[in-house]
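Heads up: the structure comes next, in structure tokens.
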Amino acid sequence: MAGAGGRLGARGEAILAALAAALLVATLFLAWRAYFHREEGDPVASAMQTFTRQNDLIVLTYRFQVVSESVIKGPVDLAVLERRQLVIVPALVDYRVRLGEIRRSDIQWDDDRQVMTVTLPPLRISRPNIDEARARAFTDGIWVSRKDAESLARSNSRIAEARAIEYAKDGEALGLARTAAREAVQRNLAAPLQAIGFERARVEVRFEGEG
């Protein structure tokens, strides 16, 4: 209330001060939402942070059997003088996605549909791990010397690794790895998107060159 001469009383000044403080707080909050909260709530920025933290993601460890066969011919081209060895050996390869290679332009966000589309770089395939300790070898020949056996084993190791690499790039194995990669990226992005308020968000993942 105003006192003599139109001056506010102590109570009135306190009320005005409280109102001014409340207005200042509201102004700062609106400014924060406009400039800072927008960045924190940016789904693309959130996805980029997730990829930067993980960097390198193994999406599938694939185990399979490799069959290789080597032959040593005799001094005369007769089958009876051949020494041969067939080997069945377990192999293991890792398929991984270099999330750190994903650029901001590889992530598209449709705000109306709440759909994020992520384009992944090509899968990386590790060098096959050939488990020779668990290999099963079948050697055939009238006379197989120790030197022959060692030569056949070395040859089969080279053949097994080459065939493992070829098989790892085969359509079936690569298809399984790509499916695993899509599912892994979708899972990894679901929680960050929900945390910034996009609970209905859907993530679609594809690889470079895919439509």
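Between beta-carbons, use under 14 Å as the cut-off and find the net charge around Thr119, counting Lys and Arg +1, Asp and Glu -1. Net of charged neighbours comes to +1.
For region 46-114, the per residue solvent-accessible surface stands at 57 Å², with DNA, RNA and ligands left out and a 1.4 Å probe. Computed over neighbours whose Cβ is under 14 Å from that of Ala190, the net charge equals +1, Lys and Arg +1, Asp and Glu -1. Under 5 Å from the amide H of Val59 lie the amide H atoms of Tyr95, Arg96, Val97, each residue being 5 or more positions distant or on a separate chain, with H modelled from the backbone and absent for Pro and chain starts.
Taking amide H as placed 1.01 Å from N in the peptide plane, Val115 has its amide H under 5 Å from the amide H of Asp110, Arg202, each at least 5 places away in sequence or on another chain. Each other residue within a Cβ distance under 12 Å of Gln85 adds +1 if Lys or Arg and -1 if Asp or Glu, for a net charge of -1. Annotation: per residue accessible area for region 148-211 equals 59 Å², rounded to a whole number [probe 1.4 Å, protein chains only]. Of all the accessible heavy-atom surface of region 63-211, with the other protein chains kept in place and a 1.4 Å probe, what percent is carbon and sulfur? Whole-percent figure for carbon plus sulfur exposure: 48. Taking 0.36 nm per residue of separation and subtracting the current Cα-Cα distance, fully stretching the chain between Thr179 and Asp56 would add 42.6 nm.
With all pairs of different C-alpha atoms in the average, the Kirkwood value for the hydrodynamic radius of region 40-172 is 18.4 Å.
The values are calculated or read from the model by the stated rules, or taken from the named source; none is laboratory data. Since the model is a prediction, treat every value here as computed from it, not as a measurement. Here the Cβ is made from the backbone with ideal geometry for all residues, glycine too, and neighbour counts use every protein chain on show. To get the accessible areas, we keep the full protein, side chains included, count just its heavy atoms, and leave off ligands, DNA and RNA. Shrake-Rupley method; radii C 1.70, N 1.55, O 1.52, S 1.80 Å.
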